[in-house]
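Have a look at the structure below before the remarks.
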Amino acid sequence: MNKLLYLLLLICCPPAVASLFCYTCVFPAVSPLDCIRFPLRCPPGQLCLSSRAVGQKGDFQVVLYEKSCVLPSLCGVRGEKFALGLNFTFTNQCCSTHLCNTAAAPPPPPLWTALLLPLLALR
């Protein structure tokens, strides 16, 4: 009898889905800067998102980073958007633990930057 009562309670009153806390950006950040982020409680059923978008027009390239909460259907999505006169290719990555969408390490600067900086310091 106890098992039947437990089963009925489980069916009638499903356990509450705990909400995640994820970082969200005040506004998207341009590489190599990280966004100004703060923790936010996501709606139930959403995951933490880290999105990277690379915009390119000729030799000019800009990288944007964004963090937020997102529906699972948008995880792992890659695509293209046209904005601000640039073609952006974006990639969404999700994770499912509290504050797991921390900043990814920016890529190392190009070699010419490392060679040019000491020369500028001599002036």
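Ordered by packing density, taken as the mean number of other Cβ atoms within 10 Å over each peptide's residues, highest first, how do 41-54, 79-92 rank? Mind dumping the intermediate values first?
Working: 41-54: 17.5, 79-92: 12.3.
So the peptides 41-54, 79-92, ranked by packing, come out 41-54, 79-92.
Over the Cα atoms of region 15-101, how large are the radius of gyration and the largest Cα-Cα distance (Dmax), in Å?
According to the Cα coordinates of region 15-101, Rg and Dmax are 14.0, 53 Å.
Read the figures in this text as sums done on the coordinates, not as results from a lab. In this text, all values refer to a predicted model and were calculated from it rather than measured experimentally. Note: ideal-geometry Cβ built from the backbone for every residue, glycine included; neighbour counts use all protein chains shown.
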